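For reference, the structure discussed in these notes is given below.
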Amino acid sequence: MVSDFSVGGPDLGRIHAKSNKRKANQYFTGFLDGILASKSIEHLEVDPLRAECHGFAKLFNDDDAVEILADLDTSFSDFHGEIRDVLDCIVDQRSADCPVENEKDSINRFYGFLAGIACDGRILPREIEEIFHFTSEYENVLNDQRVLNVLSACEKAIADGVITAEEEVDICYWISCVVGDSYADTGLAGWGGPPVLDGAISDPSEVIFDGRLFVLTGAFLIGPRKTIAQDLKARGALVSNHISRKTDYLAVANEASRDWRQSHAGTKLLKAYDIRAKHSRPDIVQEHTLKLCIDAVCTD
């Protein structure tokens, strides 16, 4: 029997099963905590909460997600108050059962937390306070420039004590650069989506193949990485599995990889951000742009 250790393959999935389950647990707990950050359940948060719970009930048979879905279908006299109390109890129990024990845990919890806060496309003063509180408690999340961008936008928004609609959009954008577009943007649950890539190349004509070094990351819909790498090489490009200062382009799939180190970012993407901040490279190319580039070369 031939083993399949390819990205998304069953053997790699078995190897990462325990860490992937913990990653998901931390994210979901953080998401619920983000919903609760305003100390109430806002009307626009109900549908995103339902969508996220459907995803976790289906993907992970999560008992808490199933319980929340049942409660969301219950006719409580004080619906929002009852749901808030349910989430409070669940977050407390999950935090006790699966506490934040290391840097990876705190980052995945924070990712879920940000997704929960931004799921309705609204940013309230109390939610900004909770973002600041989280980052003061788990300072390792500040090693990510994208998180610093979120905090900077939050600081500007509350400087005059009034959060404008434009400032809400700005904060939500920077959050999307960490955890992807929100339910308010897509109508989809946040788990499993890639981050919005600030500064990514959008014009296919700007991508050069000949002699340029590409690295691929994520679960590509246009084909297996091996096939994409062959397509790139056929067009004169070089392909590597490792990010370095010599990398010209990091091509990022439209879907996050199940086996990424963090819920919304893998080690290649994180390293690319770090190198890019210091050396203005590599350029980031999303999957749909990469496909346009390849197709354009095929028709030349």
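The values are calculated or read from the model by the stated rules, or taken from the named source; none is laboratory data. Since this is a predicted model, take the numbers as computed values, not measurements. Cβ placement follows ideal geometry from the backbone for every residue including glycine, while neighbour counts extend to all protein chains displayed.
Results, tabulated for the structure shown:
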{"quantity": "Some residue of segment 187-202 being in a helix (DSSP H, G or I) and either under 19 Å from the mean Cα position of the chain (by Cα) or modelled with pLDDT under 95 (or both)", "calculated": "no"}
{"quantity": "Selection count, segment 141-186, where residues are in a loop (DSSP other than H, G, I, E, B) and among the β-branched types (Val, Ile, Thr)", "calculated": "3"}
{"quantity": "Whichever residue in segment 39-90 is surrounded by 13 or more Cβ atoms within 10 Å (Cβ to Cβ) and small (Gly, Ala, Ser) and, among such residues, is farthest from the chain's Cα centre (by Cα)", "calculated": "Ser40"}
{"quantity": "Scope segment 92-109; condition crowded, with 22+ Cβ neighbours inside 10 Å and over 9 Å from Gln26 (Cβ atoms); matching residues", "calculated": "none"}
{"quantity": "Only one of Val150, Val196 that is in contact with a Ser or Thr (Cβ under 6 Å, 6 or more places away or on another chain), among the aliphatic types (A, V, I, L, M) and within 19 Å of Leu269 (Cβ to Cβ)", "calculated": "Val196"}
{"quantity": "Subset of segment 111-133 (residues that are in contact with a Leu (Cβ under 8 Å, 6 or more places away or on another chain) and of a type in the set (Val, Ile, Thr))", "calculated": "Ile131"}
{"quantity": "Enumeration of residues in segment 144-158 that are of a type in the set (Lys, Arg) and under 13 Å from Glu168 (Cα atoms)", "calculated": "Lys156"}
{"quantity": "Residue check for Tyr249: within 30 Å of Glu45 (Cβ to Cβ) and either surrounded by fewer than 17 Cβ atoms within 10 Å (Cβ to Cβ) or of a type in the set (Phe, Trp, Tyr) (or both)", "calculated": "no"}
{"quantity": "Ile107 vs. criteria touching a residue at least 12 places away in the same chain (Cβ under 8 Å), assigned by TED's automatic domain parsing to the domain that holds Val179 and touching a strand residue (DSSP E or B) at 6+ places or on another chain (Cβ under 6 Å)", "calculated": "yes"}
{"quantity": "Tally of residues being of a type outside the set (Lys, Arg) and more than 24 Å from Ala253 (Cβ to Cβ) across segment 144-199", "calculated": "21"}
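Residue-wise test of (1) closer than 22 Å to Ala96 by Cα; (2) surrounded by 14 or more Cβ atoms within 10 Å (Cβ to Cβ); (3) at pLDDT below 95.
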site	(1), (2), (3)
Ile123	no, yes, no
Glu130	yes, yes, no
Thr135	yes, yes, no
Glu139	yes, no, yes
Arg146	no, yes, yes
Asp160	no, no, yes
